[in-house]
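Here's the structure we're looking at; comments come further down.
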Amino acid sequence: MRVERVDFDHPDAVALRDEHVALGNRLYADDPAAVHRGGSEGIDPTTIVATFVAYDGDEPIGHACVRLLDGDLAGVPEMKRLYVREPSRGRGAADALLDAIEQVARDLGAPRIVVHTGDRQHAALKFYARHGYTPIPVFPPYEAVTYSLCFEKLLG
């Protein structure tokens with residue numbers, strides 16, 4: 001398994017992000033707050049500072065990117081679309097992607113990194129807790145999505 005830094009619009013990155021969004025759409029389909037999901041979870045490519053794809057041989061198996069927030073959190077790096085395909089989970093791809101993303105945040109001189117997820121993503125919640133992420137108030141643009149949960153990790 002290897003992690004490569006790629007362009008945001010790299011075909012493997014786009015395909016993995018699309019899978020991640022489809023999974024979230026299925027997971028929260030019955031939640032009335034999901035109507036706000038699309039608008040809050042879009043990604044402006046101009047805010048992306050790094051995109052990574054994990055590969056098993058030539059097969060893309062995971063994705064993560066980091067963007068810089070604006071508004072009250074201007075300049076804070078946010079991890080987006082950390083996703084590993086089901087058959088490849090539990091083999092270290094998510095750990096390697098997280099390491100790559102956190103290194104980008106450190107290289108930027110950021111004192112912390114933040115992430116947004118949902119209350120039904122139980123594996124993600126355990127993963128973030130295991131890696132030292134702690135709950136913080138829900139930050140924009142996720143406030144209208146009532147199942148939102150946000151976390152931060154201090155990068156000291």
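Any read-out appearing in this document is the output of simple, stated calculations on the displayed coordinates, not a laboratory observation. What you see is a predicted model, and the numbers here were worked out from it, not measured in a lab. When we count neighbours, we look across all protein chains shown, and the Cβ atoms used for this are built from the backbone with ideal geometry, even at glycine.
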> Which of the peptides 7-16, 131-140 is most tightly packed, and how do the rest follow, judged by the mean count of other Cβ atoms within 10 Å per residue?
Replying inline: 7-16, 131-140
> So, with +1 on the Cβ of K and R and -1 on the Cβ of D and E, and no other charges, what is the size of the charge dipole of the stretch 77-145 about its Cα centre, to the nearest 20 debye?
Replying inline: 220 debye
> Once you list every other residue whose beta carbon is under 13 Å from the beta carbon of VAL3, what net charge do they have if Lys and Arg are +1 and Asp and Glu are -1?
Replying inline: -3
>> Only sites in a loop by DSSP and with at most 15 other Cβ atoms within 10 Å count here; which trypsin sites (Lys or Arg not before Pro) in the stretch 76-129 make the cut?
In response: ARG89, ARG91, ARG120
>> Let me make sure I get this right: for the stretch 2-154, a, b and c are the square roots of the gyration tensor eigenvalues over alpha carbons, sorted descending. Under 1.5 in a/c it's rounded, otherwise prolate if a/b > b/c, else oblate. Which is it?
In response: rounded
> GNM on the chain, C-alpha springs below 10 Å: top fluctuator among ASP56, ASP70, ASP44?
Replying inline: ASP44
>> Please give the charge dipole size of the chain, origin at the Cα centre, charges +1 on K and R Cβ atoms and -1 on D and E Cβ atoms. Round to the nearest 20 debye.
In response: 440 debye
